[in-house]
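Down below is the structure, laid out as structure tokens.
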Amino acid sequence: MTNQEIGAETLFEKLPVIAVSGGDTAVDSILMEVMKVLTAHVHADIGQITLLPKGGMGEKLYVLKDCQPWLKKGVNLKPLEPNKGFTGRVLKTGESVLIRDIWAEDDRQGGNPFLEIVGSMDYHYIQDIKKPVSSIIILPIKRGNEIFCTIELSRYRNKAPFSIDDKRRIEKFSRRYGPLIMDYVIDVRDRITVNTAHDKLLKMARLIASNAPIDHRGAVEPYTRHSTADVVMALFKTGSLYESSYRMVVAWKDDVREVLLANFIPSTGSSLRDGFDSIFPVEGEGGDRRMADFADRIEKMTGFSSKDRELIKTCLDSIKSYVIYPLHMLGQELGVVILSSRHPSFWKYLHMNPFLATYNSLLKSFLLNERLINFLSDISLKIHNPGFYCLGAIKGIIVKRAPEMLTDPQMINALNGMEELFTELHDQGRVLRWRYKTIDVIKWIRVFIDRKEPQFPGITIDYHLENGPLEKGRKIKASDEQLETIFENLFTNSIRAINTRIEKGATIIGKIDIIIRGKSGTIDVEFKDNGMEYETVSGRGSIQIKEEMERLRGRIEITRQPYRTRLTFPSVSKQERS
């Protein structure tokens with residue numbers, strides 16, 4: 001067996017273990033293993049994989065430099081024009097190319113297509129990935145005769161350039177294994193994208209169905225993760241029907257800030273106004289009149305911390321192009337989302353992909369729903385007080401000053417009609433109010449696991465009961481949305497911990513154990529896994545769990561070595577349920 005075959009066999013042993021974990025890092029982990037094998041095969045220093053959707057722009061899936069990932073979170077490269085540069089030559093001929101020096105003024109086929117486009121490429125990409133190298137090999141990966149992906153391998157300029165023999169060896173590998181590997185990667189990526197979309201939409205639904213204030217930061221996260229934007233800003237209208245205040249969220253790299261723009265009256269022609277053309281996205285350039293006026297108003301506003309103001313100013317100064325997406329619906333001004341880039345004239349790359357377009361539409365619906373619920377609740381409260389009290393006062397005055405009027409059928413019908421109207425309006429305002437329910441927590445967890453198992457076939461999920469069947473204390477007062485928030489966060493943390501352990505080289509099958517114990521007046525749920533500690537990004541998940549447990553008058557305990565989370569819920573007795 002050749003070294004090439006040994007490397008491929010080892011690779012194919014690792015891929016299923018990584019893929020079945022189902023985490024959002026699975027694709028990067030798979031691509032890292034693939035690039036390590038390919039770069040080692042021909043002693044390359046840098047390896048890149050570019051996806052070429054039919055009729056679309058090229059997308060860098062992965063860049064490996066010195067055996068370490070270079071394309072990290074927060075680094076948004078400008079999408080590639082696939083028909084230009086040396087990649088364009090590969091697409092035109094359908095054959096791989098070997099270039100001894102990409103910086104040479106002329107190559108044997110006349111001209112240097114790389115030098116023609118280098119000025120339009122990302123500065124950091126040029127400095128870190130292109131400047132240090134000279135020799136490259138670009139390989140096409142095909143489905144039939146159609147090229148859907150390319151692999152580019154590079155050597156530093158202080159090393160000998162690639163040879164024809166290197167090119168032949170890597171061509172043999174790519175023809176034999178390339179389409180199989182990339183189809184596998186794309187399938188895993190699509191599955192993760194679907195799961196991610198499902199989770200985000202579930203979280204949105206839980207948010208609106210709960211009595212917790214809207215998590216504006218969480219609502220913005222999908223735009224930062226699933227778009228090419230370097231800076232995402234969102235303004236959500238808040239307050240009563242007659243107020244004009246906005247919650248502004250700014251997301252840049254890993255920093256997310258939320259500030260209140262109190263009494264912020266939109267200017268004439270602003271996208272915050274629901275005008276006749278507000279259904280269309282608005283394109284603009286950094287420093288244009290719209291953005292300059294906005295920056296000037298922000299600068300003059302008070303109530304910001306110095307750090308918040310500095311971040312907002314930094315973000316606004318970095319914008320070279322942007323697209324504004326209004327969130328208005330049914331005549332209600334709900335706010336805007338702004339996707340912006342450090343690249344000039346980047347508008348066509350800031351258009352939303354199908355998932356984001358769907359998410360954006362649902363976000364508008366949910367924001368409208370929340371606003372209407374707030375209005376109805378406000379109306380209901382005003383009907384109750386002062387509505388009923390005013391009606392009672394009117395009756396009291398009539399009794400004192402003109403009691404004979406209460407014998408008039410018309411007056412009686414009018415007063416009764418007003419009372420019935422107030423009662424109906426009051427009840428309608430209460431219909432959409434959030435309420436606790438009595439929930440069988442053991443049955444709920446069983447249904448939750450049944451739903452999760454098909455999404456993560458490579459994870460073993462076990463749960464068992466201690467202290468018998470827990471017939472007397474298995475029900476709690478909660479809402480489905482609260483339990484969803486708690487257990488989704490716990491499950492996400494476990495998947496991330498398992499993925500981290502696999503990425504560190506462990507060959508394991510992920511396992512999650514849920515242990516339920518009954519005690520006097522409480523029910524304990526212990527959640528543990530066989531993963532390892534990982535670096536948290538925002539820590540919002542743990543905060544959400546703690547907040548929901550406090551609302552349920554329960555408690556959360558976290559122990560380490562081994563890491564486990566114990567939730568304690570107050571149980572509901574039969575007397576309370578009846």
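Scanning the range 400-419 for residues that are open to solvent by 60 Å² or more (accessible area, probe 1.4 Å) and within 16 Å of Cys390 (Cα to Cα) yields Lys400, Asn416, Met418, Glu419.
Annotation note: Cβ proximity below 7 Å between a residue of the range 506-525 that is over 22 Å from Thr492 (Cα atoms) and of a type in the set (Ser, Thr, Tyr) and a residue that is open to solvent by less than 30 Å² (accessible area, probe 1.4 Å) and in a strand (DSSP E or B) (sequence gap 6+ or interchain) occurs for Thr522/Thr568; Thr522/Phe569; Thr522/Ser571. Tell me yes or no: at least one residue of the range 140-149 is within 28 Å of the chain's Cα centre (by Cα), part of a strand (DSSP E or B) and either of a type in the set (Asp, Glu) or at pLDDT 80 or above (or both). Scanning the range 140-149 turns up at least one residue that is within 28 Å of the chain's Cα centre (by Cα), part of a strand (DSSP E or B) and either of a type in the set (Asp, Glu) or at pLDDT 80 or above (or both).
Residue-by-condition table, conditions (1) among the polar types (S, T, N, Q); (2) at pLDDT below 80; (3) closer than 30 Å to Arg191 by Cα; (4) under 27 Å from the mean Cα position of the chain (by Cα):
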position: Leu415; (1), (2), (3), (4): no, yes, no, no
position: Leu425; (1), (2), (3), (4): no, yes, no, no
position: Trp434; (1), (2), (3), (4): no, yes, no, yes
position: Pro454; (1), (2), (3), (4): no, yes, yes, yes
position: Pro457; (1), (2), (3), (4): no, yes, yes, yes
position: Ser479; (1), (2), (3), (4): yes, no, yes, yes
position: Asn493; (1), (2), (3), (4): yes, no, yes, yes
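In the set (1) modelled with pLDDT under 75; (2) surrounded by 17 or more Cβ atoms within 10 Å (Cβ to Cβ); (3) not in a helix (DSSP H, G or I), the condition left unmet by Phe276 is number (2). With a requirement of 1 or more residues that are touching a Phe, Trp or Tyr at 6+ places or on another chain (Cβ under 7 Å), the strands (runs of 3 or more DSSP E) lying completely within the range 445-524 that satisfy it span 475-478, 511-519.
Considering only residues in the range 329-344 that are under 21 Å from Lys253 (Cα atoms) and of a type outside the set (D, E, K, R), the one that is farthest from the chain's Cα centre (by Cα) turns out to be Pro344.
For Val232, the stated conditions hold: it is within 28 Å of Asp122 (Cβ to Cβ) and open to solvent by less than 10 Å² (accessible area, probe 1.4 Å). Considering the conditions (1) out of contact with any Ser or Thr (no Cβ under 9 Å at 6 or more places or on another chain); (2) among the polar types (S, T, N, Q); (3) at pLDDT below 85, Thr314 is excluded by exactly one of them, (3).
Inside the range 505-526, can you point out the residues that are farther than 17 Å from Lys443 by Cβ and open to solvent by 10 Å² or more (accessible area, probe 1.4 Å)? Within the range 505-526, Gly505, Ala506, Thr507, Ile508, Ile509, Lys511, Asp513, Lys519, Ser520, Gly521, Thr522 meet the criteria. Considering only residues in the range 108-131 that are in a loop (DSSP other than H, G, I, E, B), of a type outside the set (Gly, Ala, Ser) and out of contact with any Asp or Glu (no Cβ under 8 Å at 6 or more places or on another chain), the one that is nearest to His43 (Cα to Cα) turns out to be Lys131.
Can you find even one residue in the range 539-559 that is of a type in the set (A, V, I, L, M, F, W, C), under 21 Å from the mean Cα position of the chain (by Cα) and modelled with pLDDT of 85 or more? Scanning the range 539-559 turns up at least one residue that is of a type in the set (A, V, I, L, M, F, W, C), under 21 Å from the mean Cα position of the chain (by Cα) and modelled with pLDDT of 85 or more. Leu363 meets all of the listed conditions (1) loosely packed, with under 15 Cβ neighbours inside 10 Å; (2) among the aliphatic types (A, V, I, L, M); (3) outside the structural domain of Arg247 (by the TED database) but one, namely (1). Can you find a residue in the range 219-228 that is touching a Ser or Thr at 6+ places or on another chain (Cβ under 7 Å) and open to solvent by less than 30 Å² (accessible area, probe 1.4 Å)? No: the range 219-228 contains no residue that is touching a Ser or Thr at 6+ places or on another chain (Cβ under 7 Å) and open to solvent by less than 30 Å² (accessible area, probe 1.4 Å).
The values are calculated or read from the model by the stated rules, or taken from the named source; none is laboratory data. None of these values were measured; they are calculated from a predicted model. Positions of Cβ are backbone-derived with ideal geometry, glycine not excepted, and every protein chain shown enters the neighbour counts. Only protein heavy atoms, including side chains, enter the accessible area calculation; ligands, DNA and RNA are left aside. Shrake-Rupley method; radii C 1.70, N 1.55, O 1.52, S 1.80 Å.
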